Amino acid sequence: MKTLIIIPTYNECENIERLLGILLAKDQKIEVLVVDDNSPDGTADLVKAMMPNDARIHLLERPGKMGLGSAYVTGFKYALEKDYEYIMEMDADFSHNPEDVPRLIEAAGKKDLVIGSRYVTGVNIVNWPFKRLLISYFASKYVRIITGMPIKDPTGGFKCFRRKVLEGINLERIMSDGYAFQIEMNFKAWVKGFRIQEIPIVFTERLNGVSKMSRNIVWEAAWMVWLLHFRKLLGALD
Ligand SMILES: Nc1nc2c(ncn2[C@@H]2O[C@H](COP(=O)(O)OP(=O)(O)OP(=O)(O)O)[C@@H](O)[C@H]2O)c(=O)[nH]1
Ligand SMILES: [Mg+2]
């Protein structure tokens with residue numbers, strides 16, 4: 001059964017080649033899909049240069065920076081058109097350790113959605129300023145209290161979905177883009193009764209390249225949890 005690792009990129013020229021090399025060397029059943037938003041630093045060109053050497057590298061190019069959530073939705077649709085059983089989300093900046101990929105896939109063999117979690121065993125984050133850590137940690141608690149969803153790291157972006165989860169969620173109706181995108185996917189999977197498991201990972205702040213995340217994605221997440229909660233109560237979650 002094949003795995004597709006979806007990697008959204010925006011200016012990741014310092015990371016992408018090395019990351020793809022490591023991932024593809026792990027297992028022949030692993031393929032990668034880079035969803036690049038016309039990165040000015042030429043990330044897509046580096047991927048294209050690698051493609052003739054390995055048929056397991058795929059690339060979707062979008063005309064401009066359109067956000068993380070829509071990049072993943074595009075990647076999910078691509079995966080569902082093909083025969084992938086395991087579909088993963090992963091950042092390009094090595095915050096997610098490629099060495100953890102086999103563990104996530106293995107766990108997904110027995111579950112429907114596996115989340116690489118920073119908060120199962122204490123706080124596993126390297127190199128974050130204390131303030132950012134506090135925001136993330138309490139945001140996770142806030143999400144849990146309002147939605148009732150029993151997930152300790154609802155905003156984490158290192159995940160493995162079984163195909164049926166993505167088939168069971170209406171991808172046209174995904175509303176959010178930043179941290180809220182992760183919450184929304186988890187919430188919709190949870191409401192549908194899919195089995196979710198968190199496994200511990202260590203998250204390391206990026207060493208190369210710059211962050212693309214803005215302040216307002218925190219606010220998007222803050223109100224999105226209420227929207228999701230009330231839609232569920234009204235039976236209007238789709
Ligand atoms: N295609 C696409 N990829 C994006 C976009 N925004 C971010 N990314 C990618 O999504 C992943 C996560 O973005 P980051 O900038 O690392 O966000 P973050 O991890 O919250 O921020 P840092 O802690 O600073 O790394 C990276 O692989 C980015 O290149 C976007 O608009 N489009
Ligand atoms: Mg990052």
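Quick check on P98: is it open to solvent by 30 Å² or more (accessible area, probe 1.4 Å) and out of contact with any Cys (no Cβ under 8 Å at 6 or more places or on another chain)? In short, no. Given the condition within 16 Å of ligand 1 (Cβ to nearest atom), in a strand (DSSP E or B) and buried (at least 18 other Cβ atoms within 10 Å of the Cβ), answer yes or no: does some residue in the stretch 184-200 qualify? Checked against the condition, which is being within 16 Å of ligand 1 (Cβ to nearest atom), in a strand (DSSP E or B) and buried (at least 18 other Cβ atoms within 10 Å of the Cβ), the stretch 184-200 yields no hits at all.
Okay, residues lined up against (1) crowded, with 16+ Cβ neighbours inside 10 Å; (2) within 16 Å of ligand 2 (Cβ to nearest atom); (3) not hydrophobic (A, V, I, L, M, F, W, C):
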residue: Y179; (1), (2), (3): yes, yes, yes
residue: N216; (1), (2), (3): no, no, yes
residue: W223; (1), (2), (3): no, no, no
residue: L233; (1), (2), (3): no, no, no
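If you go through the stretch 39-74 and keep only what is away from ligand 2 (no atom under 16 Å from the Cβ), open to solvent by 30 Å² or more (accessible area, probe 1.4 Å) and in contact (Cβ under 8 Å) with a residue 60 or more places away in the chain, you end up with just S70. Selection of the stretch 9-30 for residues being acidic (D, E) and more than 19 Å from P52 (Cα to Cα) yields E12, E14. Of the residues making up the stretch 109-162, those that are without any contact (Cβ under 8 Å) to a residue 12 or more places away in the chain and either open to solvent by less than 10 Å² (accessible area, probe 1.4 Å) or in a helix (DSSP H, G or I) (or both) are F130, K131, R132, L133, L134, F138, K141, R144, I145. Do we have V165 as within 15 Å of the chain's Cα centre (by Cα), within 26 Å of V120 (Cβ to Cβ), in contact (Cβ under 8 Å) with a residue 12 or more places away in the chain and away from ligand 1 (no atom under 16 Å from the Cβ) here? Criteria met by V165.
The conditions of being hydrophobic (A, V, I, L, M, F, W, C) and open to solvent by less than 10 Å² (accessible area, probe 1.4 Å) are met by V165. Quick one: is I22 closer than 17 Å to D91 by Cα and surrounded by fewer than 20 Cβ atoms within 10 Å (Cβ to Cβ)? In short, yes.
The values are calculated or read from the model by the stated rules, or taken from the named source; none is laboratory data. The structure presented is a predicted model; accordingly, all values stated were derived computationally and were not measured. Ideal geometry is used to build each Cβ from the backbone, glycine not excepted, and the neighbour counts take in all protein chains shown. Quick note on the areas: whole protein, heavy atoms, side chains included, nothing else; ligands and nucleic acids left out. Shrake-Rupley method; radii C 1.70, N 1.55, O 1.52, S 1.80 Å.
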